[in-house]
Amino acid sequence: MSQDNKKNEHKAEESKEPGWLNHDDSTGGHNAADTMFEALDSWLTAVKHIARGIIRHHGADTDEDSAEKAGKGAASAHIDAHHMASPAKLAVSLVALIVVVWLGGVAYGLGGKSVVVQQSPDYIRESQRLTWANSDLEESKQDIANRERQIKDVGTQIEELKSERERYGNLLEEIKQVQRQDKTPELSVAAIGDVSQSSSSYFAITATVHNQTQYTLTSFSVYYQVEDAQGNVVGTGFAMGETGATCAPNADCPIRSLTMNNPTGTKFVPVKWGATASDGNSEYGRYGTDVMTKQF
Amino acid sequence: MREGSKSRKPIILMVGFIVIAAVVFAGAFAVGRVTKDPTTDQSYKEVTSQVTKTENQIKANRSTTKELTKKRDELREDLAEEKKQAEADRKVFEQYGGDAQAGKPALIVESISPDEDPLYAATGGSIDLYYYPKFTVRNNTGHVLLGAVVKYTIIGSNGNVLDGEGNAYVSNVVVYPGKTVVAEDMVKDAGFSGATIKPVSFNATVADSKDSDSTKTIDAQYADDVKTVTIP
């Protein structure tokens, strides 16, 4: 459809009746949607004019406006004419526009508010995270509580053990002390022989010691005790080399002890050693509990 | 018809306006709803910040737990070591230790044996008679006993002191608490038959834990009710 045709049509309609009414009549049936669209059309046109009116002096280019509006339909032109003619109508339109804009704004806000954030996937995801986090937090708190409890338990046990050891007191230290050799023995016990009857009154105990020194020993002896099954010391004595015997460096040498008490059934425990080197230097020391012993 | 259309015009305009308003409202509402970003909502932000806060707490807690775990493991190692030590100590103590009996002397005289020299009988009395008084004493010092001296007298049946300076010795021994040891002496007979051997005092050398490998001496008098023995 050409512009001219439109203009003509427009003019023709204008001369007769308002376009919307005419249209309404021609269609016969009243269509709500049509009416709505026409109204919308008219109104938008009015808005357009108001906008133009603000920019330009209205009335001067009425014809031009009308011509431009040709595409919008006859009804718009008609209403337009009314609007252009009345500042009151212009004001009403302006108010209507403001109301609509305001309504739009309100609706936009309400639309946003209508979204139930708590049901949005984002929120649900975050909520789930919070749930897990809270669960983890509980767990982490329990972990700490567990650790603290465990530490307390261990601490208590250590304290108990310490107090038990305290109960043993110095005696334990003494026992440990006497059970350690005080120095490296110059005479180590290499063998302990059996008990033999030496004479009617004496029993002989023989043993072999090893000279751990680089000196020839002119005297070498081992002090011992014999114990019963309960650990009571039932006898003591010392075993030594034969009179005049020497013990060469790094050699095994025999020693012997004579005792009037029958050691049978007792335990032979070397306690101390004594060694005198050919230069006259003597050394004594205590054996530890790691020394060789013998149950007779 | 024309008059009627004129009167209906405002109504139609009004209706149109309402419809437009409704459409705009609906549209804006729809746009508002669709474009709504839940992540900008306060409640969402609160949840997020709560999550962050909680996660930070968890992080801190886990770090604490880690430290505590380390501490616990160290303590457990200590405990294991302590237990091992305690077990060894207990064994040692049970085997060798023992509490001193209260109200009794540090060296309790358990028995005294006058022991005549067997050679005297073996030689048919052709040599001098010697006695070997043996004092079996119990270590009640509460320490490890390393040596002891028991001083005794020999009192004749008439009450005269026949020998006032007897000393029975034992040395180079390790006697644990509660165990007995024998201190021995040798004394030449001086008409001792029928006389009584009576401990007077003692002198005990014990280990002193305060100073490594040092000893200390405990001495005391025996009470009058001390065990005695009569020489046959």
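The values are calculated or read from the model by the stated rules, or taken from the named source; none is laboratory data. This is a predicted model, so every value here is computed, not measured. Cβ: placed from backbone, ideal geometry, glycine included. Neighbour counts: every protein chain shown. Protein only, heavy atoms only, side chains kept; ligands, DNA and RNA dropped before computing areas. Shrake-Rupley method; radii C 1.70, N 1.55, O 1.52, S 1.80 Å.
Annotations for the structure displayed:
- For segment A:150-204, the carbon plus sulfur part of the accessible surface works out to 44%, probe radius 1.4 Å.
- Chain A and chain B together bury an accessible surface of about 7600 square angstrom, both sides counted, with a 1.4 Å probe and no ligands or nucleic acids included.
- Across peptide B:106-119, the average count of Cβ atoms from other chains found within 10 Å of a residue's Cβ is 1.
- At R0 = 56 Å, FRET efficiency that the Cβ-Cβ distance of residue A:95 and residue B:55 yields, to 0.05: 0.55
- Residue pairs, from the table B:84/B:179; A:272/B:151; A:152/A:183; B:84/B:134; A:183/B:216, whose Cα atoms sit over 31 Å apart: A:152/A:183; B:84/B:134
- Charge dipole of chain B about the Cα centre (unit charges at C-beta), most positive-ward option of B:49, B:135, B:28: B:28
- With a cut-off of 13 Å between beta carbons, the residues surrounding residue B:117 carry a summed charge of -4, where Lys and Arg count +1 and Asp and Glu -1.
- A 1.4 Å probe, protein heavy atoms only, puts the accessible area of residue A:256 near 90 Å².
- Placing a label point 7 Å from the Cα of residue B:84 along the Cα-to-Cβ direction, no residue of segment A:150-184 has a backbone N closer than 16 Å.
- Simple spin-label estimate for residue B:213 and residue B:169 gives 2.2 nm between the two label positions (7 Å along the Cα-to-Cβ direction from each Cα).
- Length added when fully stretched, residue A:279-residue A:228, from 0.36 nm per residue minus Cα-Cα: 14.4 nm
- Against chain B, whose longest principal axis comes from its Cα atoms, helix B:2-35 is set at around 20 degrees.
- Of the solvent-accessible surface of segment B:12-137, computed with a 1.4 Å probe over protein heavy atoms with every protein chain present, carbon and sulfur atoms account for 55 percent.
- Dipole size of segment A:122-178 about its Cα centre, with +1 on Lys/Arg Cβ and -1 on Asp/Glu Cβ: approximately 80 debye, rounded to the nearest 20.
- Per residue of peptide A:110-122, the mean number of Cβ atoms on other chains within 10 Å of the residue Cβ is 6.
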